[in-house]
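Right, I'll just put the structure down here and ask away after.
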Amino acid sequence: MITQYVKHNKNFITHPAPDISIRDIKFIDNGTICVDVADVSGVVYDATGNLCDASITHRFGGHMHISKFKTTHNFIDETVVFAGGGYIFSHFGHFLLEGLGRLYPALGAKYKNVKFVFVVGRKTKSLPAFVMKFLYGLGIGPDRIILINNTTRFRGVYVPPQGAVITQYISPIMNKVFDKIARNMGNEKIKTYDKIYLSRGKMNDGRTFGEKSIEKIFAKNGYKIIYPETLPLSHQITLARNCKYMAGTAGTALHLALFMRAHGTVIQIKRNSLLGDSAEIQNDICVARKLNFTYIDGSIERVPSTHFTAQPQILGITPELEQFFADNKFKFTARNVAPDTAAMAAYETHLHKYIKHQRYKKIVKPIARFISIFGITKYRRQRIREFITHILHAD
């Protein structure tokens, strides 16, 4: 069930999720994983150069780059599982939503000892620590991981169709993946709570202001304030697995709802004022996990922003939040809902710096693009642009 406290109600579209199973995994004898190093992605071809469609990584309404088939001298004499492209594995939220999507073979006894191949960037020597912990939760140890950044042929490649496509669907089989991780990683002997609020208050990234006022009201009404980035991953999963209500502002932390039990409630506070936000993604999570979803306007920013931005944002006690509090019989005082002038001042300072930096980037980026044309390959051109913008502090 969706409950909305927003100026303009969203029309949430639920895409039908394919009922994928382990039986749908394709096997490509003498398969080649062709890598695109610029896009950090890969696809699988058979020995005669036919593309395995199941290996294409779909995202939003499209897909990642499809590398052309090419022969290679790189050969690993192993039968492996194709686990997907690499950049997805560097971001916590996107790993949960996308990176886990080809790992469900770990649920089947047939694949108990099979290694998983991850496509990574050229400078990547290992997967992030949080990814390794999730893999361990699925029973995939370091000895079962192969990282490649060049086109490589294998004795055989198992290709699992994507179990989840961001903003499109999360297949039922993924619930078994989330449940297995929760069972293996969500049993820490810590105090748990029926109601938790996941705060961004200790991120110190200069991007979100004004949340403290909202936190105080939730805390006053029985919610435990949690700062996820200060806790071990196993503690985060344990808290999520045992709560009935999970509240917080839009973002990665609320994706921990993937480890909640069915029939709980997720309360997402929108922290930007433009229509573009992550509500559709959170709704997909709630649909897949059979959770109630409450969606509330919380932005009081002066310069409108979308969700996916580095622009500073500020939250406050909006009329929509007050209505939510009233409907749910929250206790609060006039002082609790008074404007936070200190937060607004900090927001204005950071916003001014951000706007100034954006003007600077508009000057530097065309220069970087022009110089990058001297790069021989797509990858080299990309690296030149990144190098120039970095040394000129325009990234």
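The values are calculated or read from the model by the stated rules, or taken from the named source; none is laboratory data. Please read all numbers here as calculations on a predicted model, not as lab measurements. Virtual Cβ from ideal backbone geometry, glycine too; neighbours counted across all protein chains shown.
Can you tell me which residues in the stretch 46-77 are surrounded by fewer than 24 Cβ atoms within 10 Å (Cβ to Cβ) and touching a Gly at 6+ places or on another chain (Cβ under 8 Å)? Break it down stepwise before answering.
Keep residues of the stretch 46-77 that are surrounded by fewer than 24 Cβ atoms within 10 Å (Cβ to Cβ), which gives 46-54, 56-77.
Hits for the stretch 46-77 are Asp46, Ala47, Cys52, Thr57, Met64, Ser67, Phe69.
I'd like to know if the stretch 26-36 contains one or more residues that are out of contact with any helix residue (DSSP H, G or I) (no Cβ under 7 Å at 6 or more places or on another chain), at pLDDT below 90 and among the aromatic types (Phe, Trp, Tyr).
Taking every residue of the stretch 26-36 in turn, none turns out to be out of contact with any helix residue (DSSP H, G or I) (no Cβ under 7 Å at 6 or more places or on another chain), at pLDDT below 90 and among the aromatic types (Phe, Trp, Tyr).
Can you find, within the stretch 161-185, the residue that is surrounded by the fewest Cβ atoms within 10 Å (Cβ to Cβ) among those that are modelled with pLDDT under 95 and part of a loop (DSSP other than H, G, I, E, B)?
Thr167
While we're looking at this one, here's another question. When Ser278 is evaluated against the numbered criteria (1) buried (at least 21 other Cβ atoms within 10 Å of the Cβ); (2) in contact (Cβ under 8 Å) with a residue 40 or more places away in the chain, which criterion, by number, is the only one it fails?
Among (1) buried (at least 21 other Cβ atoms within 10 Å of the Cβ); (2) in contact (Cβ under 8 Å) with a residue 40 or more places away in the chain, Ser278 violates only (2).
Now for a different question. So Arg289 ticks every box in (1) at pLDDT below 95; (2) surrounded by 14 or more Cβ atoms within 10 Å (Cβ to Cβ) but one. Which box is left unticked?
Only one criterion in (1) at pLDDT below 95; (2) surrounded by 14 or more Cβ atoms within 10 Å (Cβ to Cβ) is unmet by Arg289, namely (1).
Please find, among Val157, Val131, the residue that is in a helix (DSSP H, G or I) and in contact with a Gly (Cβ under 9 Å, 6 or more places away or on another chain).
Working: Val157 fails: in a helix (DSSP H, G or I).
It is Val131.
Of all residues in the stretch 11-45, which are more than 24 Å from Ser171 (Cβ to Cβ), among the aliphatic types (A, V, I, L, M) and part of a strand (DSSP E or B)?
Across the stretch 11-45, the qualifying residue is only Val35.
Quick one: which residue in Thr48, Thr72 is over 29 Å from Asn175 (Cα atoms), touching a Ser or Thr at 6+ places or on another chain (Cβ under 6 Å) and assigned to a loop (DSSP other than H, G, I, E, B)? Break it down into steps so the answer makes sense when it comes.
On the way: Thr48 fails: touching a Ser or Thr at 6+ places or on another chain (Cβ under 6 Å).
After ruling out the rest, the residue left standing is Thr72.
Could we say that Ala345 is among the hydrophobic types (A, V, I, L, M, F, W, C) and not assigned by TED's automatic domain parsing to the domain that holds Tyr379 here? Quick ask: steps written out before the conclusion?
Values: among the hydrophobic types (A, V, I, L, M, F, W, C): yes; not assigned by TED's automatic domain parsing to the domain that holds Tyr379: yes.
Yes: the conditions hold for Ala345.
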